[in-house]
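The values are calculated or read from the model by the stated rules, or taken from the named source; none is laboratory data. In this text, all values refer to a predicted model and were calculated from it rather than measured experimentally. All Cβ positions, even for glycine, are placed from backbone atoms using ideal geometry, and neighbour counts span all protein chains on display. Side chains included, ligands, DNA and RNA excluded: accessible areas come from the protein's heavy atoms. Shrake-Rupley method; radii C 1.70, N 1.55, O 1.52, S 1.80 Å.
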Amino acid sequence: MAAALKCLLTLGRWCPGLGVAPQARALAALVPGVTQVDNKSGFLQKRPHRQHPGILKLPHVRLPQALANGAQLLLLESAGPTMENQVQTLTSYLWSRHLPIEPEELQRRARHLEKKFLENPDLSQTEEKLRGAVLHALRKTTYHWQELSYTEGLSLVYMAARLDGGFAAVSRAFHEIRARNPAFQPQTLMDFGSGTGSVTWAAHSIWGQSLREYMCVDRSAAMLVLAEKLLKGGSESGEPYIPGVFFRQFLPVSPKVQFDVVVSAFSLSELPSKADRTEVVQTLWRKTGHFLVLVENGTKAGHSLLMEARDLVLKGKEKSPLDPRPGFVFAPCPHELPCPQLTNLACSFSQAYHPIPFSWNKKPKEEKFSMVILARGSPEEANRWPRITQPVLKRPRHVHCHLCCPDGHMQHAVITARRHGRDLYRCARVSSWGDLLPVLTPSAFPPSTAQDPSES
């Protein structure tokens with residue numbers, strides 16, 4: 001018992017490296033057959049359970065008024081009668097996008113089809129006809145990935161389609177860093193694939209008092225012009241709403257330049273190959289001083305991109321001579337092990353937001369996204385509570401929670417007050433999809449024999 005109490009106090013202690021608040025201590029240590037509630041640790045500090053330290057979901061996010069006004073002004077000046085249809089078409093296209101096929105995979109498929117055609121005795125074809133048949137079959141069965149060229153017109157459509165949702169997703173990621181590490185006050189930020197500048201606005205909303213430099217990198221000159229107009233209220237003249245914002249079309253070359261926060265939001269999916277993604281992620285990590293924030297659509301394709309980048313950083317053998325500190329996963333994973341959801345469902349989260357009030361866009365919406373936040377340092381500095389990966393199902397006298405646990409496994413936990421204690425039960429009942437459940441050893445939950453209500 002003394003050893004268990006010592007473990008509780010050790011893991012609940014304040015960590016100066018990441019500024020974990022003193023009240024963020026373990027609520028319950030679960031061991032087989034016993035529930036030990038740490039009621040003496042001052043876990044809630046007289047706060048209600050609905051405010052426990054694992055609560056991370058934001059209420060409905062709303063764009064800063066200056067940004068919303070600028071976007072509306074630009075659309076009133078330039079939008080045509082087909083803008084609504086263009087927005088819907090672009091949104092559907094971006095959401096349904098798959099990863100580009102790698103050349104090696106395309107060659108493998110071509111060889112397989114060629115072999116299949118040659119084995120068919122009814123098809124006596126010349127080499128030219130065989131090649132044509134293979135190409136025809138590949139066109140029918142292979143996803144045709146296309147690079148988007150953001151002209152002035154398409155940039156405006158993208159702003160109308162994605163400015164508010166992208167702002168909501170990035171705000172949720174930044175909120176996690178601030179909530180779990182309130183002492184972190186970044187001074188510099190770099191946004192790769194900055195687009196309309198939603199990352200800059202979200203960062204300013206969270207850390208506006210400390211940030212003094214925002215570096216926006218986007219290869220589309222039209223996007224950079226649009227982002228600068230939004231900073232000036234929708235016009236080309238005037239003072240920018242946020243000072244210290246710089247725009248450029250290429251990443252900084254100097255390896256000595258690092259930024260406290262580096263962000264890539266919905267940009268890895270715009271790169272044409274795995275080799276390009278590898279080069280970009282390695283560069284972004286070298287530029288990272290504290291946190292690298294990666295956000296993509298909450299689809300299997302988006303999740304796969306993020307797991308690829310995550311593994312690249314964690315397994316990377318390349319050590320920067322200027323910053324040899326290793327990397328670890330700050331969020332959402334409570335571990336550095338292989339993702340247990342990669343082959344099944346996308347690990348995604350949802351953030352509610354108020355859209356820009358265009359004529360077709362007035363009801364509150366939900367942004368479904370995937371994210372990975374990587375940090376420099378040691379994983380022992382982070383708070384490793386399990387992550388709730390699906391909506392919490394509340395039933396009479398019990399709660400269903402799907403958890404990604406520190407041991408690298410998924411757990412379907414059925415939590416009751418009688419079995420797990422009143423405090424843990426109430427914390428679980430008020431938690432939401434994406435929150436952390438304040439449990440020390442969730443893998444010790446007895447295996448549930450109850451059917452998941454979501455599957456019935």
Legend entry - Candidate lysines - alpha carbon under 18 Å from Lys394, same-chain residues fewer than 8 apart omitted: Lys57
Legend entry - Surface per residue (accessible, 1.4 Å probe) for the stretch 167-295, Å²: 37 Å²
Inset, instruction - Report, by chain and number, residues whose modeled amide H sits under 5 Å from the one on Met190, excluding near sequence neighbours (fewer than 5 apart, same chain). - result: Met215, Val261, Val262, Val263
Inset, instruction - Note down the net charge around Phe174, summing +1 for each Lys or Arg and -1 for each Asp or Glu among other residues with Cβ under 13 Å from its Cβ. - result: 0
Legend entry - Sequence-distant residues sharing a close amide H with Glu367 (under 5 Å, placed H): Gln351, Ala352, Tyr353
Inset, instruction - Could you pull the accessible area for Cys333 with a 1.4 Å probe, rounded to 10 Å²? - result: 20 Å²
Inset, instruction - Please compute the net charge surrounding Leu154, taking Lys and Arg as +1 and Asp and Glu as -1 over other residues with Cβ under 14 Å from its Cβ. - result: -2
Inset, instruction - Given a cut-off of 30 Å, name the pairs among Lys46/Lys362; Lys229/Lys365; Lys232/Lys362; Lys287/Lys368 whose C-alpha atoms lie farther apart than that in the structure shown. - result: Lys46/Lys362
Legend entry - Accessible area, probe 1.4 Å, largest first, for residues Leu135, Leu314, Leu231, Leu322: Leu322, Leu135, Leu314, Leu231
